[in-house]
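Read-outs throughout are calculated quantities, based only on the coordinates presented, and are distinct from any laboratory measurement. Being a predicted model, the structure only gives us computed values, none of them experimental. Because the Cβ atoms are built from the backbone with ideal geometry, glycine has one as well, and the counts that use them run over all protein chains shown.
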2 protein chains.
Amino acid sequence: MAPLYLRTTMSQIVDVTTIIEAIQPELSGGKFASVVDRINPASPAQTADILERLPAAQQPVLFRLLPKDRASAVFDILSPKQQSGLIQGLRNREVSEIFAGLDPDDRALLLDELPASLATRLLTGLTGAQRRLTTDLLGYPKGSIGRRMSPQVVSTRATYTAADTLSRIQKRLGDAETIYTIPVVDNARRVVGIISLRQLLAADSHAVIADIMSKAEVASAYDSAEDAARICIELRLLALPIVDRECRLLGILTVDDAGRIIEHEDSVDSARQGGMEPLGRPYLSTPVLQLVRSRIVWLLVLAVGATLTVQVLSVFEATLEQVTVLALFVPLLIGTGGNTGNQAATTVTRAIALGDVHTSDLLRVLLRECAAGFTLGTLLGLIGALMTGAIFGAPIGLTIGLTLLAVCTVAASIGGIMPLIAKRLNVDPAVFSNPFITTFVDATGLIVYFLIAKAVLGI
Amino acid sequence: MAPLYLRTTMSQIVDVTTIIEAIQPELSGGKFASVVDRINPASPAQTADILERLPAAQQPVLFRLLPKDRASAVFDILSPKQQSGLIQGLRNREVSEIFAGLDPDDRALLLDELPASLATRLLTGLTGAQRRLTTDLLGYPKGSIGRRMSPQVVSTRATYTAADTLSRIQKRLGDAETIYTIPVVDNARRVVGIISLRQLLAADSHAVIADIMSKAEVASAYDSAEDAARICIELRLLALPIVDRECRLLGILTVDDAGRIIEHEDSVDSARQGGMEPLGRPYLSTPVLQLVRSRIVWLLVLAVGATLTVQVLSVFEATLEQVTVLALFVPLLIGTGGNTGNQAATTVTRAIALGDVHTSDLLRVLLRECAAGFTLGTLLGLIGALMTGAIFGAPIGLTIGLTLLAVCTVAASIGGIMPLIAKRLNVDPAVFSNPFITTFVDATGLIVYFLIAKAVLGI
């Protein structure tokens, strides 16, 4: 009986960590037989985990030690960035074999990550039909679902019977991306419905497809991969047919690929929300210098943006010298403004990603965020005014209270509409999101603060 | 022939927006026949979109106008929070009918959102078998996959043939959660392998399951729902068997449910990363006061935390009065520290969510982030020292440069390990993440700044 791999979180941590620690010296010492023994009981998922956590130089060494079928299962689990890194440490013949064994959509994804010369060489190594399947996908724009769909789709006709369709499926068991969701097409290959294998098995074998099929939701090959993936997940579809502008069937997006697309997009959004470029590979196998590279550009941009606050403060330097106590509240005020702006930006960025908000909703969003910011500002302003007033006197308390009210209102409004403006300018909303808004809100917040202070304190 | 709904992003925006604007006055004016006409051509997905964007009071009115099968398709697409809101506007009899029509796992999820009295009444309205299926799920802890799995699973035995298994599947077409992935169990119901419907169809009908099945990856019912869902997606499984501590089959997690779990968890992480509680419903249908409620607690906590900066600054008030120019750089320095800390925290929080980093990696993470922070600090510090030195003189330049170096190193280190500490304390890493770290880094950054300034400037 096949051994079982209980992948509870605890057991996985223990196993994988122990194996990694044991095999690292063995890999460098050339004790390959012992490595093979240790790796043998691991499932493909665990093997991929182990591989990912090894230093880059050891990854091809371990990969080469795997039996052929396990190697290709492990390769499938890796992200395109990792696949690309791994491939560059393998021999030409090994690479060509792995490449030919991939699905056309995975192949297209990997090609995007490879140096052009290697990509060309690999493409020429394919058979004509395989090459055509892959280059067709590469014809669609980056980020579109056309690049991520599988062209290997089984379809049926509305006029066929259930039995006809089942025998069509039977012939495509080996190569079709999915046999569980079958698009129904007309003479011109236009999608007119969809039928599941479950419906087919439940139907009478003479039943005509037109009578038992369901309405189809489809996506255009030019739609963004993220939008198509979210539709697939939210509508709980096992697969979504992908069509051209005339609604002719081109390929299919399966829900497991949709899940991977969303996981990737959410990683990108999370990185951008934190003011970074995404890593595209597991944290522990990313070299420190690459961590630095993913962060330095945004840090520099933000630091340059922050010199604005130095300039604003130097304009009010005389006021500061007169009433030094004003300086004490600067971090609190701009911090609160930044937090309020971030909250609004994060909410709206996520709502855009989920398709809940479109660029045409700009005015509605502005009004909602302005109202939310005003309410938050009133609450915080009252508390702030009372607390500061009690310690530093009423004029300072009034200044702080009014500033909090103004800053929260402005920050929420700006934070709310910035992602929509970014989206309209075809920039990733998450890029414009939090860190950029913080810088902007910091500068305006300081101006508002000192203007209110001058008015209230009469200086 | 069934009409087709081309769900490209553009067409969807136009349709849905137009319909919403048209039906809102009609719903309030009681012109229901006209509403039905407008809603009729929309697919369930579009109808759900329209419903979500209506004011809460109009949602039950529209829902009641839908034909029965469309109503249940639309209900399935809504999130549990929205379902709960909708249900509270419907009549008892309508609610009982919808509730009985749900899958056991969706029912368990909805019950969590409902007031206890309504939940009890709905449970009592079910048949005995249906009630048992649901209450079994409710026995598992919140957030565990045991609550989210489907108990309606078709299994087979290693000793059965392919034909036996196919006929078992045929009998469960109506109620099984999935018929495409079949766990293989032994006499004690322990999972010993897995077989896909595709493998079954490709096999000889007399083939014994033990010879054609694959190794199974499984998850324990007590594992977190997020971990199980990510395993399902990352290993490209169509379904993941869920087992008890003795590895006996309890239920199954399908990839479409896994996708929804991940989308939800990523929404929660995104909200927490931005310093908020998640909304759990579409942005535009969330009342403004609820936006305020999701944000005010964290804003207050952060503002109270920020009073620490006021205290730190008041300790150094004498220094500030002596050298007012030091105040100019406060926002720049703490902003850069906050950004560096956020970058580290965001990276590590995401790596934890993806299972790339475990709490046992604390030391590795600390060393990596310390190195990354030091490198970033050296780069920024050099640039900062040169620029500030040129304008404000060498001593101020040196102060700024050294402070940036120190602050970046500390911020990245703290930002990197905080999510791991949170995870070990069983707190959501994203809660501890950015806003909390900003506050902490602000205070320590200011102390470092003034200590360096006093040493360099000799005051």
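Among the DSSP beta bridges whose two residues both lie in region A:156-273, what percent are antiparallel, rounded to the nearest 5?
75
Using a ≥ b ≥ c from the Cα gyration tensor of region B:9-143 (square roots of the eigenvalues), is it rounded, prolate or oblate, where a/c under 1.5 gives rounded and otherwise the larger of a/b and b/c decides, a/b for prolate?
prolate
Using only Cα atoms and rounding to the nearest 10 degrees, what angle (0 to 90) does helix B:162-171 make with the longest principal axis of chain B?
90
Of A:LEU166, A:VAL255, A:GLN273, which is farthest along the charge dipole of region A:156-273 in the positive direction, counting Lys and Arg as +1 and Asp and Glu as -1 at C-beta?
A:LEU166
How high is the relative contact order of region B:134-233? Use alpha-carbon pairs under 8 Å, at least six apart in sequence, and give a whole percent.
34 percent.
Once the piece of chain linking B:VAL301 and B:LEU90 is laid out straight, how much longer is it, given 0.36 nm per residue of separation minus the C-alpha distance between them?
My answer for the length gained is 72.1 nm.
Per-residue Cβ counts within 10 Å, from other chains only, averaged over A:366-378: what number is that? Write down the numbers at each step before the final one.
Numbers: counts 0, 1, 6, 2, 1, 4, 10, 3, 2, 7, 6, 1, 1.
The per-residue average across the peptide is 3.
Quick one: Karplus J couplings for region A:211-223, per residue in order, coefficients 6.51, -1.76, 1.60, θ = phi - 60°, nearest Hz, x for Gly and Pro?
With the stated coefficients, region A:211-223 comes to 7, 10, 6, 10, 5, 9, 9, 10, 10, 7, 4, 8, 5 Hz.
May I ask you to list the residues of region A:150-177 whose amide nitrogen lies under 20 Å from a point 7 Å from Cα along the Cα→beta-carbon direction of B:TYR160?
Backbone N within reach: none found.
Using alpha carbon centroids, what distance separates region B:222-242 and region B:45-62, in Å?
Centre-to-centre distance over Cα atoms comes out at 32 Å.
Need one number: % antiparallel among DSSP beta bridges in the protein assembly as shown, to the nearest 5.
Restricted to the protein assembly as shown, the bridges split so that about 70 percent are antiparallel.
Kindly state, to the nearest 0.05, the FRET efficiency for A:GLU317 paired with A:ALA390, given R0 = 41 Å and r defined as their beta-carbon distance.
With a Förster radius of 41 Å, E is 0.90.
By per-residue mean of other Cβ atoms within 10 Å, what is the highest-first order of B:333-346, B:381-394, B:350-363?
By packing density, highest mean first, the sequence is B:333-346, B:350-363, B:381-394.
How would you rank B:261-269, A:224-232, highest first, on the average number of other Cβ atoms within 10 Å across their residues?
So the order, starting with the most tightly packed, is A:224-232, B:261-269.
Using only DSSP helix segments of four residues or longer, with each worth -39500 (n - 2.57), what per-residue ellipticity at 222 nm results for chain A after dividing by its residue count and rounding to 500?
Result for chain A: -21000 deg cm²/dmol, rounded to the nearest 500.
I want the local charge near B:LEU362. Using Cβ-Cβ distances under 13 Å, sum +1 for each Lys or Arg and -1 for each Asp or Glu among the other residues. Before the final figure, lay out each step's value.
Values: positive: B:ARG364, B:ARG368, B:LYS423, B:ARG424; negative: B:ASP361, B:GLU369.
Result for the local shell: +2.
Please compute the Kirkwood hydrodynamic radius of the protein assembly as shown from all pairs of different C-alpha atoms, in Å with one decimal.
Value: 29.8 Å, from the Cα pair sum.
A:THR181's amide H: which non-local residues (gap 5+, or another chain) put their own amide H closer than 5 Å, with H modeled 1.01 Å from N in plane and none for Pro or chain starts?
It is A:LEU197, by chain and number.
Measuring from centroid to centroid over Cα atoms, what is the spacing of region A:169-218 and region B:107-160 in Å?
Region A:169-218 and region B:107-160 have Cα centres separated by 32 Å.
What nm distance separates the two modelled labels at A:ALA57 and B:ALA57, each placed 7 Å from Cα along Cα→Cβ?
7.1
Based on the Kirkwood radius over alpha-carbon pairs, what value in µm²/s does the Stokes-Einstein equation return for the translational diffusion coefficient of region A:287-457 at 20 °C and 1.002 mPa s? Please list the in-between numbers first.
Details: Rh = 16.9 Å.
The calculation lands on 127 µm²/s.
Efficiency by 1/(1 + (r/R0)^6): what FRET value for A:SER72 and B:LYS142, r their Cβ-Cβ distance, R0 = 41 Å, to the nearest 0.05?
Efficiency, rounded to the nearest 0.05: 0.55.
Enter the mean number of other protein chain beta carbons within 10 Å of the beta carbon of each residue in A:265-275, as an integer.
6
Which of the pairs B:LYS81/B:LYS423; A:LYS215/B:LYS81; A:LYS81/A:LYS215; B:LYS68/B:LYS215 have their Cα atoms more than 32 Å apart in this structure? Before the final figure, lay out each step's value.
Values: B:LYS81/B:LYS423 26 Å; A:LYS215/B:LYS81 27 Å; A:LYS81/A:LYS215 38 Å; B:LYS68/B:LYS215 42 Å.
Result: A:LYS81/A:LYS215; B:LYS68/B:LYS215 exceed 32 Å.
Return the sequence-ordered ³J(HN,Hα) values of region A:44-59 in whole Hz as given by the Karplus equation 6.51 cos²θ - 1.76 cosθ + 1.60 applied to θ = phi - 60°, using x for Gly and Pro.
x, 4, 5, 4, 4, 4, 5, 4, 4, 8, 7, x, 3, 5, 7, 4
What does the net charge come to around A:ARG91 if you take all other residues with beta carbon closer than 15 Å to its beta carbon, with K and R at +1 and D and E at -1?
+2
Using the Karplus curve 6.51 cos²θ - 1.76 cosθ + 1.60 with θ = phi - 60°, what ³J(HN,Hα) values do you get for each residue of region B:253-268, in whole Hz, with x for Gly and Pro?
10, 8, 5, 5, 5, 4, x, 5, 4, 5, 4, 5, 4, 5, 5, 4
Please arrange A:THR403, A:THR254, B:THR17 by how many other C-beta atoms lie within 10 Å of their C-beta, fewest to most.
By the 10 Å Cβ count, ascending: B:THR17, A:THR254, A:THR403.
Taking a temperature of 20 °C and a viscosity of 1.002 mPa s, what whole-number D in µm²/s does Stokes-Einstein yield for region A:156-273 with Rh from Kirkwood over alpha carbon pairs?
142
Work out the FRET efficiency for B:LEU363 and B:ARG190 from their Cβ-Cβ distance, taking R0 = 41 Å, and round it to the nearest 0.05.
In this case the efficiency is close to 0.60.
Counting pairs of alpha carbon atoms under 8 Å apart in space and at least six apart in sequence, what relative contact order in percent does chain B give?
11
Taking only Cα atoms, what is the 0 to 90° angle, nearest 10, from helix A:128-138's long axis to the longest principal axis of chain A?
So the helix axis and the longest Cα principal axis differ by about 20 degrees.
Given chain B, report the % of alpha carbon pairs whose separation exceeds 35 Å.
Value for chain B (Cα pairs over 35 Å): 51 percent.
Count, for each residue of B:111-117, the Cβ atoms from other chains sitting within 10 Å of its Cβ, then give me the mean as a whole number.
Averaged over the peptide's residues, the number is 0.
How tilted is helix B:225-234 with respect to the longest principal axis of chain B? Cα atoms for both, answer in degrees (0 to 90, nearest 10).
Value to nearest ten degrees: 80.
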